[in-house]
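Data first, discussion second: the structure below is written as structure tokens.
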Amino acid sequence: MRTQDQRDGAALLILRLGLVWFMFLWAIHKVITPKQYQGLAKNFDGVALSFEQIYLIAALQIALCVLAALGLLRPVSYGTLALMHFFTVTRRWEGFFDPFALNDRGFPIHRNQVIDLAVLGAFIALLLLMHRDRWSLGALLARRHGARWWL
């Protein structure tokens with residue numbers, strides 16, 4: 001394997017694991033504080049969710065995070081995590097138009113929205129460079145058994 005392939009593989013491994021960790025923390029937070037997510041679903045989407053529904057959503061997100069961390073079902077796992085994050089970004093547009101807003105104590109109130117855009121950009125980069133993702137279980141299986149969409 002060429003040096004550039006090694007660098008690309010290492011960079012995408014770091015990018016992939018960083019994005020998975022970001023999404024995993026949000027998913028596990030649903031398990032730890034489901035009442036908070038009930039309130040968010042009610043306030044942002046007008047939907048009443050039970051704890052069981054929140055736990056199911058969290059379990060699906062955690063499963064996707066495991067698949068993505070391993071680099072399995074890459075188009076599905078990377079793409080679904082990116083879509084979930086995009087959905088979050090669409091819920092928070094107001095902060096993009098006033099990124100320097102401060103609350104009455106001088107704390108920046110739209111900082112997370114700016115972070116959300118950076119994460120969305122990272123997901124797009126991961127999807128665009130998925131074919132260069134050499135350091136994943138999916139890539140290893142593809143090298144051994146031929147490229148398949150689920151690897």
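The values are calculated or read from the model by the stated rules, or taken from the named source; none is laboratory data. The shown structure was predicted, so the numbers you read here are calculated from the model rather than taken from an experiment. Because the Cβ atoms are built from the backbone with ideal geometry, glycine has one as well, and the counts that use them run over all protein chains shown. Accessible surface is based on the protein model in full, side chains and every heavy atom, while ligands, DNA and RNA are left aside. Shrake-Rupley method; radii C 1.70, N 1.55, O 1.52, S 1.80 Å.
Using the structure shown, decide if Leu141 is open to solvent by less than 80 Å² (accessible area, probe 1.4 Å), within 17 Å of Leu17 (Cβ to Cβ) and assigned to a helix (DSSP H, G or I).
Numbers: open to solvent by less than 80 Å² (accessible area, probe 1.4 Å): yes; within 17 Å of Leu17 (Cβ to Cβ): no; assigned to a helix (DSSP H, G or I): yes.
Here the answer is no, as Leu141 does not meet what is asked.
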Are there any pairs, at least 6 apart or on different chains, whose C-beta atoms fall under 6 Å, with the first in region 43-62 and under 15 Å from Thr88 (Cα atoms) and the second open to solvent by 50 Å² or more (accessible area, probe 1.4 Å) and at pLDDT 95 or above, and if so, which? Ala58/Val31
Please pick out the residue among Gly71, Gly106 that is on the phi > 0 side of the Ramachandran plot and surrounded by fewer than 18 Cβ atoms within 10 Å (Cβ to Cβ). Gly106
Can you find, within region 1-42, the residue that is surrounded by the most Cβ atoms within 10 Å (Cβ to Cβ) among those that are modelled with pLDDT of 95 or more and aromatic (Phe, Trp, Tyr)? Phe24
Options Leu72, Leu17, Leu13; residue that is in a loop (DSSP other than H, G, I, E, B) and in contact (Cβ under 8 Å) with a residue 24 or more places away in the chain: Leu72
